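The values are calculated or read from the model by the stated rules, or taken from the named source; none is laboratory data. As the structure is a computational prediction, the values presented were derived from the model and not from experiment. Cβ sites come from the backbone with ideal geometry, for glycine too, and all protein chains shown count toward neighbours.
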Amino acid sequence: MPPGYWDEPETNLFLDKILQHVKGPVIYIDMGASIGEFAIARAFHPNVGSVLAFEPAKTARQALKQSVGLNELRRVRVFGEATGANPGKVDVVENDTAPNRRISLVPPCCATTIVAMLDSKEKLIDLSH
């Protein structure tokens, strides 16, 4: 993918469309933020007050932090913790030899980016409508 192009344009367009219809500012949470495709783009949206990006893989998190710094995005906070349905600990294994540099969680689980938005009073915005 050449620099400056989205890997998932349909997801970015969907998120921007949702954000057009919410009264900001909202807190955008990206769990499994990777290198920040969604987190960085949402940080520029006028209805987003702050971005919380969670990425446990060190290599991806370093790239995300570098992008945040280069873009001077003071309203983006990057966390190294993994997120999940239940509290606990999980080992993160990075595969540097894979073509897409995927990470694995031990025990294995589904690789999914979960996106949630909170309003300024930290109430979850219902996106099911």
Report summary line: residue 87 meets each of (1) exposed (fewer than 12 other Cβ atoms within 10 Å of the Cβ); (2) modelled with pLDDT of 85 or more with one exception, condition (2)
Query raised in the report: So is residue 62 at pLDDT 90 or above and exposed (fewer than 15 other Cβ atoms within 10 Å of the Cβ) or not?
Result: yes
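Residues are listed down the side, and each one gets a yes or a no for (1) touching a residue at least 40 places away in the same chain (Cβ under 8 Å); (2) in a strand (DSSP E or B); (3) aliphatic (A, V, I, L, M):
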| residue | (1), (2), (3) |
| --- | --- |
| 41 | no, no, yes |
| 49 | yes, yes, no |
| 53 | no, yes, yes |
| 59 | yes, no, no |
| 66 | no, no, no |
| 72 | no, no, no |
| 82 | no, no, yes |
**Report entry** Hits in segment 1-48 - residues which are of a type in the set (Gly, Ala, Ser) and touching an Asp or Glu at 6+ places or on another chain (Cβ under 9 Å)
**Finding:** 24, 32, 33, 34, 36, 39, 41
